[in-house]
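**Q** Got a structure for you, questions after.
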Amino acid sequence: MASAAPLPEPEVLAHAKRRLFPDADESNSYSVVDTQFATDEWLPGRRIPSELRERLAPFNHVRLGSGYPDLVGVRALEPELLAVDRFGDQPPLVAVDAKG
C-alpha cells in the first residue's frame, strides 16, 4: 500500500480554504489566513509560489482564545462539514489549524 506524498502546510491550508470558502465574493462570508503564510519562504530554501500566496490571501493575525489559527472565517457551511446541529441563521465561526 503506497502512502500519499506529504504536502507542505501552505498547500494543505490552500486546499482547506478552497473547500470551506470556495467563493471569495459570497455575501455574509469572509476568511483570513494567518500572516505567517504571507512570507516568500515557508521553510528555508522552500519558496511559496506567488499563485499559492494569492489563493491564501487575505492575511491577518487573529487571536482566538489562547492561540492564532491558520485560517479564520465565517460562512454558512454544508451539513456534512459540521460536527453538530446548527440552530439559528447566523453562520458559524470556522477556525483551522493546518498540518503539512
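The values are calculated or read from the model by the stated rules, or taken from the named source; none is laboratory data. Every value quoted in this text rests on a predicted model; they were computed, and no experiment measured them. No Cβ is skipped: glycine too gets one built from the backbone with ideal geometry, and neighbour counts run over all protein chains shown. What goes into the accessible areas is simple: the full protein's heavy atoms, side chains included, and nothing from ligands, DNA or RNA. Shrake-Rupley method; radii C 1.70, N 1.55, O 1.52, S 1.80 Å.
**Q** Kindly provide the set of residues from the stretch 54-80 that are in contact with a Ser or Thr (Cβ under 6 Å, 6 or more places away or on another chain) and either loosely packed, with under 10 Cβ neighbours inside 10 Å or of a type in the set (K, R) (or both), ordered by number.
**A** Selection gives R75 alone.
**Q** Consider the stretch 36-50. How many of its residues are within 19 Å of V72 (Cβ to Cβ) and either touching a residue at least 40 places away in the same chain (Cβ under 8 Å) or touching a helix residue (DSSP H, G or I) at 6+ places or on another chain (Cβ under 8 Å) (or both)?
**A** So the first thing to find is which residues in the stretch 36-50 are within 19 Å of V72 (Cβ to Cβ), and the list is 36-39.
Narrowing further to those that are either touching a residue at least 40 places away in the same chain (Cβ under 8 Å) or touching a helix residue (DSSP H, G or I) at 6+ places or on another chain (Cβ under 8 Å) (or both): 37-38.
Total satisfying the criteria: 2.
**Q** Same structure again: Checking A83 against (1) more than 20 Å from A24 (Cα to Cα); (2) open to solvent by less than 60 Å² (accessible area, probe 1.4 Å); (3) hydrophobic (A, V, I, L, M, F, W, C), only one condition comes out false. Which one?
**A** Failed condition: (2).
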